[in-house]
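The values are calculated or read from the model by the stated rules, or taken from the named source; none is laboratory data. Keep in mind that this is a model prediction, so the values were computed, not measured. Cβ placement follows ideal geometry from the backbone for every residue including glycine, while neighbour counts extend to all protein chains displayed.
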Amino acid sequence: MASTFKLEIVTPERDFFEGEVEEIVVRTVSGDLGILKDHMHTVSPLAPGIVKIKQDGKFKEAACSGGFIQVKTEKTTIVADSCEWPDEIDVKRAEEALKRAEENLNSSDENVDKKRARNAIRRAKARILVTMKDK
């Protein structure tokens, strides 16, 4: 049996996940980060993307819209703006959000927040991608 560690993922709306895991992979603002048992202590901001959680030798994935990860000896905690399992995602709504965000990014309106539009694109793409991987 593989070594495990405690993972907790919380959002403002709910306790999304809590359990013993073998590995997680998250998207930080610096790139992908893999965590195994006894990983060095760290705190890092998360970018919108897919969180991969390995339990019992199998990965399951969720769309995460950003937040922070804290790795300690006793547990790893992700505090996320939102997290969704593939079956919780309304793909049509995510596709509409992607279209709106791309229109905002390409807009010549100087009042449009381009950074916000890029983050919205990343969130929508992660939500769409995680539903495709589940099929």
Hits in segment 26-41 - residues which are within 15 Å of S3 (Cα to Cα) and either touching a Phe, Trp or Tyr at 6+ places or on another chain (Cβ under 6 Å) or of a type in the set (S, T, Y) (or both): K37
Check on I24, β-branched (V, I, T), more than 14 Å from S65 (Cα to Cα), in contact with a Lys or Arg (Cβ under 9 Å, 6 or more places away or on another chain) and assigned to a strand (DSSP E or B): yes
Residue match in segment 35-47 (condition: among the hydrophobic types (A, V, I, L, M, F, W, C), touching a helix residue (DSSP H, G or I) at 6+ places or on another chain (Cβ under 9 Å) and not assigned by TED's automatic domain parsing to the domain that holds A117): yes
Residue count for segment 58-71, restricted to those that are outside any strand (DSSP E or B) and at pLDDT 95 or above: 0
Those residues of segment 81-100 which are within 25 Å of F17 (Cα to Cα) and among the acidic types (D, E), in sequence order: D81, E84, D87, E88, D90
Residue list for segment 11-27, filter: surrounded by 16 or more Cβ atoms within 10 Å (Cβ to Cβ) and over 21 Å from I89 (Cβ atoms): V21, E22, E23
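Which residues, taken from segment 72-102, are assigned to a strand (DSSP E or B) and not polar (S, T, N, Q)? Can you show your working first?
Taking segment 72-102 first, the residues assigned to a strand (DSSP E or B) are 76-80, 83-84.
Within segment 72-102, I78, V79, A80, C83, E84 meet the criteria.
State all residues of segment 39-56 that are in a loop (DSSP other than H, G, I, E, B) and either in contact (Cβ under 8 Å) with a residue 60 or more places away in the chain or of a type in the set (F, W, Y) (or both); if no residue qualifies, say none. Walk me through it before giving the result.
Taking segment 39-56 first, the residues in a loop (DSSP other than H, G, I, E, B) are 39-41, 47-48, 56.
Matches in segment 39-56: A47, P48.
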Tally of residues being crowded, with 19+ Cβ neighbours inside 10 Å, in contact (Cβ under 8 Å) with a residue 60 or more places away in the chain and touching a Ser or Thr at 6+ places or on another chain (Cβ under 7 Å) across segment 57-81: 2
Residue in segment 120-131 that is under 22 Å from T11 (Cα atoms), surrounded by 18 or more Cβ atoms within 10 Å (Cβ to Cβ), polar (S, T, N, Q) and modelled with pLDDT under 95 present: yes
In segment 47-56, residue surrounded by the most Cβ atoms within 10 Å (Cβ to Cβ) [restricted to those that are more than 14 Å from the chain's Cα centre (by Cα) and modelled with pLDDT of 95 or more]: K54
